[in-house]
């Protein structure tokens, strides 16, 4: 029923997005400028499901890089998924998601991430829960850090300079499962402004002439609050060492005469309580992305801190025939390899395997939950769990 093709009309793309996400006029002006640039970007593909000449559904495929285990891999972020009201429940989004796998495979993208509107829907298509973040709210006056014994220089700027950009991507390449930022993401940070924004700044921290930390904050009127309150939100808080981290907390403490509360987004394993004299007024773990393996063999060479092992896995993947069947998963000298096989020790679907390879879970846990079936030949071979944290929104 549908045709899969690149969207040529910026207006059609924006009209569908505006209706689906309820984007107000102020945001739409900024979104329109950003969308026009997206259409000229080789790393951004606005794709639609067409019924004749009618755009039934759309999404944006972003060619990105992320840290997965101990490697940096090519991945595809799927954003702006939306449907025309005339085509709700008629399979347009499912059509797009299934076709996306072919596109991603052609581009040699090993995995895909997305922000789900319905986790159950995407799970049926092979995606599984992945990263989360810690959302906290606290008074800056509560911050309690040791006296500074090493000089850390602080510089505030509206646009990230080359030092911050290099620091961020170096940090992302070696921590958690962070997405590396490309030029469009930095440009969007600087140019995307709405009437609700009071201030958006980056803060650079340097020690002994080297950038060792960065912080990004947004000061804005939050339309999602009933009282449309003014909020100070820390969206990035990255430090190479404890001295720099202390300096970053001191920077936030210095805002206590002007800012009533800091809202911060942090890694889920961030240990905050030693830095505060009292408990935060709010503290929640927020589920974020879902992950999917696009092509098992594109993961070959992935570096993982795991012992040498071999285990046969019978994999069910209804959307990607190239992943369907029996594979041997081998770890040799810290590198992962999948190859076709005839025998298996475990049986699972692609979404469960995606969560194990991604580090969200492990085989032992998935066997306990009934998501993996083990045969008598299984000897406990497994991959250790990690802490997924993507940070970058798309």
**Study point:** Extension gain, residue 174 back to residue 306 (0.36 nm per residue minus Cα-Cα distance, nm)
**Key:** 45.8 nm
Study note, to complete from the structure: Most exposed first, judged by fewest Cβ atoms within 10 angstrom, 386, 54, 244 run 54, 386, 244
Exercise for review: Quote the convex hull volume per residue of the range 235-326, based on C-alpha atoms, as a whole number of Å³.
Suggested key: 192 Å³
Review point. So how do 341, 53 line up by other beta-carbon neighbours within 10 Å, fewest first?
Key: 53, 341
Exercise for review: Obtain the nm distance between the two label points defined at residue 255 and residue 40 by a simple spin-label model: each point lies 7 Å from its Cα along the Cα-to-C-beta direction.
Suggested key: 3.4 nm
Point to revise | Distance between the range 69-131 and the range 331-394 - C-alpha centres, whole angstrom | key: 20 Å
Check your understanding: How much length is gained if the chain between residue 102 and residue 5 is pulled fully straight, taking 0.36 nm per residue apart and subtracting their Cα-Cα distance, in nm to one decimal?
Key -> 33.6 nm
Practice item. Calculate I(q)/I(0) for the range 294-374 by the Debye formula, one identical point scatterer on each C-alpha and no solvent, and give its log10 at q = 0.14, 0.24 Å⁻¹ to two decimals. Key: -0.41, -1.32
Revision key, fill the gap. Mean separation of Cα contacts under 8 Å (at least 6 apart) over the residue count of the range 294-374, i.e. the relative contact order in percent, is 28 percent
Check your understanding: PRE reach from residue 219 (point 7 Å along Cα→Cβ): which of the range 140-175 fall under 19 Å by backbone N?
Key -> 140-143, 154-160
Exercise for review: Quick one: order 372, 10, 73 by neighbouring beta-carbon count within 10 Å, fewest to most.
Suggested key: 10, 73, 372
Check your understanding: If contacts are Cα pairs under 8 angstrom and at least 6 residues apart, what is the relative contact order of the range 3-109 in percent?
Key -> 25 percent
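I need the calculated FRET efficiency for the pair residue 230 and residue 184, taking r as the beta carbon distance and R₀ as 41 Å, to the nearest 0.05.
Computed FRET efficiency for residue 230 and residue 184: 0.90.
Can you give the relative contact order of the chain as a percent, counting alpha carbon pairs under 8 Å and 6+ residues apart? Write out the running numbers ahead of the final one.
Working: 838 pairs, mean separation 72.8, N = 394.
Answer for the chain is 18 percent.
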Point to revise | Two-site FRET efficiency, residue 156 against residue 192, from Cβ-Cβ distance with R₀ of 22 Å, rounded to 0.05 | key: 0.70
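Between residue 281 and residue 342, take the C-beta separation as r, use R0 = 41 Å, and let me know the FRET efficiency to the nearest 0.05.
On the way: r = 58 Å, r/R0 = 1.42.
Plugging the Cβ-Cβ distance into 1/(1 + (r/R0)^6) gives 0.10.
Hey, could you get me the Stokes-Einstein D for the range 48-153, Kirkwood radius over alpha-carbon pairs, 4 °C and 1.567 mPa s, rounded to whole µm² s⁻¹?
Details: Rh = 17.1 Å.
For the chosen part, D equals 76 µm²/s.
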Review point. How much space per residue, in cubic angstrom, does the convex hull of the C-alpha atoms of the range 136-266 take up?
Key: 120 Å³
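How large is Rg over Rh for the range 3-109, taking Rg from the Cα atoms and Rh as the Kirkwood inverse mean of 1/r across Cα pairs?
Working: Rg = 14.4 Å, Rh = 14.6 Å.
Result for the range 3-109 is an Rg/Rh of 0.99.
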Check your understanding: How far, in nm, would the chain grow between residue 166 and residue 335 when pulled straight, counting 0.36 nm per residue and subtracting the alpha carbon separation?
Key -> 58.1 nm
Check your understanding: Rg to Rh for the chain: what is it, with Cα atoms only and Rh by Kirkwood?
Key -> 0.99
Review point. Points 7 angstrom from Cα along the Cβ direction at residue 124 and residue 377: gap in nanometres?
Key: 3.4 nm
**Study point:** Computed Kirkwood radius, in angstrom, where 1/r is averaged over Cα pairs of the range 133-194
**Key:** 15.0 Å
Check your understanding: When the Cα centres of the range 40-59 and the range 220-297 are compared, how far apart do they sit, in Å?
Key -> 35 Å
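Bear in mind these aren't lab numbers, they're just calculated from the coordinates by the rules spelled out. These numbers come from a predicted model, not from an experiment. Ideal geometry is used to build each Cβ from the backbone, glycine not excepted, and the neighbour counts take in all protein chains shown.
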